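Student: Pasting a structure below so you can have a look.
Every read-out reported here was derived from the displayed coordinates using simple, explicitly stated rules and does not represent laboratory data. Quantities reported herein were computed from a predicted structural model and do not represent experimental measurements. Every residue, glycine among them, receives a Cβ derived from its backbone with ideal geometry; neighbour counts consider all protein chains shown.
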Amino acid sequence: MSAKGLAETLQDEEPASAAFVPTGGQRLSAVGPVRRAEGPAFSDMPARDLMNEALTRRGHASCTTETAIHAVMALCIDDLLTGAWDEALRLAETGLELCDLHGYHELQWPFWAVAAIIAALRGDDQQARELADKITDWARRRGSAIVQLYALYVHCLLAQSRGDFEQAFQCISRIAGPDTFAGNLPLALAASLDFVECAIRTARPDVARAYVSMVQAVDLRVFSPRLKLLTECAIALAHSGKVGHIERTLAIPGLDDLPFDRARVQLAYAERLRRGGGSLRSARSHLTDALCIFRDLRALPWQSRADRELRGTGLVSARTATARVETLTPQELAIAELAASGLTNKQIGARIYLSHRTVSTHLSRVFDKLGISTRAALRDALGKALADQAG
């Protein structure tokens, strides 16, 4: 049964308390009527097992609407981590529908967080900010400082996407700083690479080294492959003599199932190789792999960054502005011109009778085709194409 089908079959069910035990026997949650969703939402949980268990046990007293929402949530997070982002967005929409339909508003924020992170990674600033604002409002109303950290993380990703690493550092330091590290350990570890990269890019190498010292004090044997990848890369970047360790870290089994994280580490490694006098051939190989993954995910800001680095090695992958613009459909070109003129997605949608979400989808394709990540770059790309045609 699909997630959408699950939502439809649950329309007539009443909310109730639930206890859920995954097939491995470890208790995931035991909750009565929901009061407050504290703690981090993102973990390496057996998402497919959770959904299968929820579907198998439907009709039993222990399997309720709330259990199904948690199962959809687990699948949604799993798809975020494994690169099935479009499916993650569909599941987030399904989860929010279930929450609205059955009054589980306490469980909404993780779905917003997944959608916001994907929007930020794809360069959809407006959508990411709107969702981050929803998370912040939700958290403030319930006095949840932990949930507010996820909105901060979205803003950190947005700042990195536009190259504002000082702002990104200010955001990430509130999540993973010395005073908050232990209390926010799962998110602080997952954001380790963000923290170290932002610290290094803002000339704070001592802060980066102090941070990884805290990471190294944690028992790494219990880490998942994902956390091992991110923390080992962070440690290597903070200590220049350990950069070569990243190559071995990339050989950890299971990383092919984490495409964005793997590509991000490859990008960081290649950047250090290029600037530190390392092998350009190795840098190009890692950058080429990362660029392909970012393109597949439509992670446009990261795609642009990898493309710039690749060109910096002497390998040019970009086409001319004119050739790129010519790949746009008439509708994509019309939307691109309206966006370049300064109109918001909602204003564009009102003018050409499309929803703002549809406009956002078209713009994502436009950005992907043009190899850009911002509206300012969109104006430049269209302007250069017109200049080439006039010449």
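Student: Could you list, ordered by first residue, the pairs with Cβ atoms under 7 Å in which the first is in region 178-205 and within 13 Å of residue 166 (Cβ to Cβ) and the second is aliphatic (A, V, I, L, M) and part of a helix (DSSP H, G or I), at least 6 apart or interchain?
Tutor: Matching pairs, first to second residue: 197/237; 197/268; 198/168; 198/172; 199/207; 199/208; 200/208; 200/237.
Student: Give the residue, chosen from 335, 372, 348, that is crowded, with 20+ Cβ neighbours inside 10 Å and in a loop (DSSP other than H, G, I, E, B).
Tutor: Being crowded, with 20+ Cβ neighbours inside 10 Å and in a loop (DSSP other than H, G, I, E, B) holds for just one of 335, 372, 348, which is 372.
Student: Taking the options 129, 174, 122, 140, name whichever one is over 21 Å from residue 71 (Cβ atoms), in contact (Cβ under 8 Å) with a residue 40 or more places away in the chain and of a type in the set (Lys, Arg).
Tutor: After ruling out the rest, the residue left standing is 122.
Student: What single numbered condition from (1) out of contact with any Gly (no Cβ under 6 Å at 6 or more places or on another chain); (2) buried (at least 17 other Cβ atoms within 10 Å of the Cβ) fails to hold for residue 203?
Tutor: Every condition holds for residue 203 apart from (2).
Student: Ok, one more. When region 147-181 is examined, which residues are found to be under 26 Å from residue 200 (Cα atoms) and among the aliphatic types (A, V, I, L, M)?
Tutor: 149, 151, 152, 154, 157, 158, 159, 168, 172, 175, 176 - these are the residues of region 147-181 that are under 26 Å from residue 200 (Cα atoms) and among the aliphatic types (A, V, I, L, M).
Student: If you scan region 346-369, which residues turn out to be of a type outside the set (Ser, Thr, Tyr) and more than 18 Å from residue 121 (Cα to Cα)? Steps first, please.
Tutor: Applying the first criterion (of a type outside the set (Ser, Thr, Tyr)) to region 346-369 yields 346-352, 354, 356-357, 359, 362-363, 365-369.
Result: 346, 347, 348, 349, 350, 351, 352, 354, 356.
Student: So which of 129, 174, 140 is assigned to a helix (DSSP H, G or I), over 20 Å from the mean Cα position of the chain (by Cα) and surrounded by fewer than 21 Cβ atoms within 10 Å (Cβ to Cβ)?
Tutor: From the options 129, 174, 140, the qualifying one is 140.
Student: Does residue 248 satisfy being touching a helix residue (DSSP H, G or I) at 6+ places or on another chain (Cβ under 6 Å) and surrounded by fewer than 18 Cβ atoms within 10 Å (Cβ to Cβ)?
Tutor: In short, no.
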